[in-house]
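Notes for the one structure printed next.
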């Protein structure tokens, strides 16, 4: 009796291992083999899986099948081949003859350099048939009219030309702008140099991101900025990584920074994870786009302090001080007392129409001290009225709307309801916001907006929303686009992006819906 039980146990264990192995093989995430060859000191690394996991392939095929000409799932592959053939043909590359027979499941590019000075890049491609790859590359280089010569490096045969060098390293094709870039990859492969997979910033930036994805990108921000960022920031970020994931609703981008150092004396510079956006509940349902942020007052204070601390930007800090003085003398407005406190909570800008001149929309403020918001706005009203401004009031949904006409400048209207200050360039815009909130016909309640954030979890932090539909028609009619691009644009729904701040990183995710 004992032996049959042991045999049965062994059989079940083997079956379980086989099932797990099959799952990992057919449904699991792909392995980033290219990153193991990329030198650790690169500034940019981007990777695409040409044959992602079965789950990603199914989601991607479902999305593609919604586009005109791709509705028949059985012919999606052939259609994509036709598209690649046409696009690459413009560069004298025959996709079906020169690439498809040997190109494997991964394509990656790594680059060095700063934002101010272009660097050098290297391309790494998986190879499934080396002989076919060698023959195809020989044809491509021959058509280029450039001479390539064989040169060995540490046992690897390289073909070196005037504008590129290529060779095969660990069954991966490596193409560099210079021979030095390819040599660096060989050094990593032979253990003489560190790979990107050993770089702490890269590992930390990728940690916790979805492991099953279509593509990824990593940027070493300090290296890209050359140590001298163009715009000083209060938050010091190391590396930033993001992955692209195919989902049933659309294409999702998930990313984060590898490190974030927020000065201890300046808390609240980044939106707290507990900050839940609420101001879309005061925007009309047809709003085309909105941006919501938290703690702008603190962020502006930190940026101004850093501008004053940097010798190269002290003049900017001086101009801001002059602006304060001009506002006080010319308009009677104390910026630090009357305006900045309005930005210490939640701030949102909603654009109802981006095509009108000027654009229509509202600026919404939910400061920490809601009761002080009206007092601050009234002080600004009185100050401007004392310098020739014309003031009028009306009532919308039982709420007083104040309109201020500044001669030779502009018109500003505002109202305060439930601790939220609503500002617009006309009383009509402010009234539309109040009417939408009262009727519950707001952006927050619209299906397009809710779907755009359906993959964002708790929705904490700052956010960006754009409804693509109002911009698609002008793009289709005014731009010269391929028929495929027109079809894709017509099926793009909206963009919903959330940015969350934590103690040591910034997390962000975005969803572009496809209908």
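The values are calculated or read from the model by the stated rules, or taken from the named source; none is laboratory data. Fair warning: this is a prediction, and the values are worked out from it, not measured in the lab. Neighbour counts are summed over all protein chains in view; Cβ atoms, including those assigned to glycine, are modelled from backbone coordinates with ideal geometry.
Remark: residue 403 falls outside the filter, which requires a residue to be in a helix (DSSP H, G or I), surrounded by 15 or more Cβ atoms within 10 Å (Cβ to Cβ) and in the same structural domain as residue 349 (by TED's automatic domain parsing).
All told, residue 188 falls short of being assigned to a helix (DSSP H, G or I) and modelled with pLDDT under 95. On inspection, residue 347 passes the criterion of being closer than 20 Å to residue 293 by Cα and under 25 Å from the mean Cα position of the chain (by Cα).
Across segment 477-496, the qualifying residues are those that are free of Cβ contacts under 8 Å to residues at least 60 places away in the same chain and within 14 Å of residue 453 (Cα to Cα), and the one among them that is surrounded by the fewest Cβ atoms within 10 Å (Cβ to Cβ) is 495.
Restricting segment 497-514 to residues that are in contact with a strand residue (DSSP E or B) (Cβ under 7 Å, 6 or more places away or on another chain) and farther than 18 Å from residue 245 by Cβ, the residue that is surrounded by the fewest Cβ atoms within 10 Å (Cβ to Cβ) is 504.
Between 329, 342, the distinction of being at pLDDT below 85, more than 25 Å from the chain's Cα centre (by Cα) and not assigned by TED's automatic domain parsing to the domain that holds residue 52 belongs to 329 only.
As for segment 73-96, it holds no residue that is closer than 22 Å to residue 52 by Cβ, in contact with a strand residue (DSSP E or B) (Cβ under 7 Å, 6 or more places away or on another chain) and surrounded by fewer than 17 Cβ atoms within 10 Å (Cβ to Cβ). When segment 302-319 is filtered for residues that are under 25 Å from residue 366 (Cβ atoms) and touching a helix residue (DSSP H, G or I) at 6+ places or on another chain (Cβ under 8 Å), only 304 remains. Note on segment 382-397: residues that are in contact with a strand residue (DSSP E or B) (Cβ under 9 Å, 6 or more places away or on another chain) and in a loop (DSSP other than H, G, I, E, B) total 2. Kindly indicate the residue of segment 353-377 that is assigned to a helix (DSSP H, G or I) and in contact (Cβ under 8 Å) with a residue 24 or more places away in the chain and also nearest to residue 278 (Cα to Cα) among those meeting that condition. Result: 370. Looking at segment 88-102, is at least one residue in a helix (DSSP H, G or I) and closer than 29 Å to residue 493 by Cα? Checked against the condition, which is being in a helix (DSSP H, G or I) and closer than 29 Å to residue 493 by Cα, segment 88-102 yields at least one hit.
Per the listing 167, 161, the residue uniquely in contact (Cβ under 8 Å) with a residue 12 or more places away in the chain, touching a helix residue (DSSP H, G or I) at 6+ places or on another chain (Cβ under 9 Å) and closer than 19 Å to residue 104 by Cα is 167.
Listed here are the residues, each with its yes/no results for (1) closer than 30 Å to residue 43 by Cβ; (2) at pLDDT below 95.
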{"position": "96", "(1), (2)": "no, yes"}
{"position": "108", "(1), (2)": "yes, no"}
{"position": "121", "(1), (2)": "yes, yes"}
{"position": "139", "(1), (2)": "no, yes"}
{"position": "147", "(1), (2)": "no, yes"}
{"position": "160", "(1), (2)": "yes, no"}
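Listed here are the residues, each with its yes/no results for (1) modelled with pLDDT under 95; (2) within 33 Å of the chain's Cα centre (by Cα); (3) not in a loop (DSSP other than H, G, I, E, B).
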{"site": "422", "(1), (2), (3)": "no, yes, yes"}
{"site": "432", "(1), (2), (3)": "no, yes, yes"}
{"site": "456", "(1), (2), (3)": "yes, yes, no"}
{"site": "466", "(1), (2), (3)": "no, yes, yes"}
{"site": "472", "(1), (2), (3)": "yes, yes, yes"}
{"site": "493", "(1), (2), (3)": "yes, yes, yes"}
{"site": "496", "(1), (2), (3)": "no, yes, yes"}
{"site": "499", "(1), (2), (3)": "yes, yes, yes"}
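Within segment 128-141, does at least one residue satisfy the condition of being surrounded by 13 or more Cβ atoms within 10 Å (Cβ to Cβ) and under 33 Å from the mean Cα position of the chain (by Cα)? Yes. Of the numbered criteria (1) farther than 30 Å from residue 203 by Cβ; (2) surrounded by 13 or more Cβ atoms within 10 Å (Cβ to Cβ), the one residue 474 fails is (2). Annotation note: Cβ proximity below 6 Å between a residue of segment 446-465 that is at positive phi and a residue that is modelled with pLDDT of 85 or more and assigned to a loop (DSSP other than H, G, I, E, B) (sequence gap 6+ or interchain) occurs for 459/453. Restricting attention to segment 107-125, does a residue exist that is exposed (fewer than 13 other Cβ atoms within 10 Å of the Cβ) and in contact with a helix residue (DSSP H, G or I) (Cβ under 9 Å, 6 or more places away or on another chain)? Yes, the conditions are met somewhere in segment 107-125.
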